[in-house]
Amino acid sequence: MDYPAVQASEEFGELRKRHRSFAFPLAVAFLVWYFAYVLLADYAHDFMSTPVIGNINVGVILGLAQFVTTFGITMWYVSYANRKLDPLATSIRSDLENQDPQAREEARS
């Protein structure tokens, strides 16, 4: 199989572009959100200890929101991958698997 040719193909470049344009900004946004929470917990004690309902304070709510955000991002990525990435990856894989044996042999030599 001619993996360097596949990697250089326009179709593979599109797959890589789609993945990076979704994953990188989302990862940066999540890291900013995560570090904001950590910094607030470390330096804004009064704000984080502000009661909301009974013994539940802002810090607890934001901490739980971290879990919700993680699951939300995971679900969003899976949905995006199913719609935008998987069809393209399947097409690339199918093209590789359907290469005629002679072309595969020539690619090896």
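Leaving out ligands, DNA and RNA, what percent of the accessible area of the chain is carbon and sulfur, probe 1.4 Å? Here it works out to 64 percent. For the chain, the solvent-accessible area with a 1.4 angstrom probe is 74 square angstrom per residue. On a 0 to 90 degree scale, rounded to 10, what angle separates helix 58-80 from the longest Cα axis of the chain? Roughly 20 degrees, rounded to the nearest 10.
Oblate is the label for the range 37-77. Its Cα gyration tensor axes, ordered a ≥ b ≥ c, give a/c of at least 1.5 and b/c at or above a/b.
Calculated [222 nm] ellipticity per residue, helices only, for the chain: -26000 deg cm²/dmol; basis is -39500 (n - 2.57) per DSSP H run with n ≥ 4, divided by all residues, nearest 500.
The values are calculated or read from the model by the stated rules, or taken from the named source; none is laboratory data. Every value quoted in this text rests on a predicted model; they were computed, and no experiment measured them. Just so you know, the surface numbers come from the protein's heavy atoms only, side chains and all, with ligands and any DNA or RNA stripped out. Shrake-Rupley method; radii C 1.70, N 1.55, O 1.52, S 1.80 Å.
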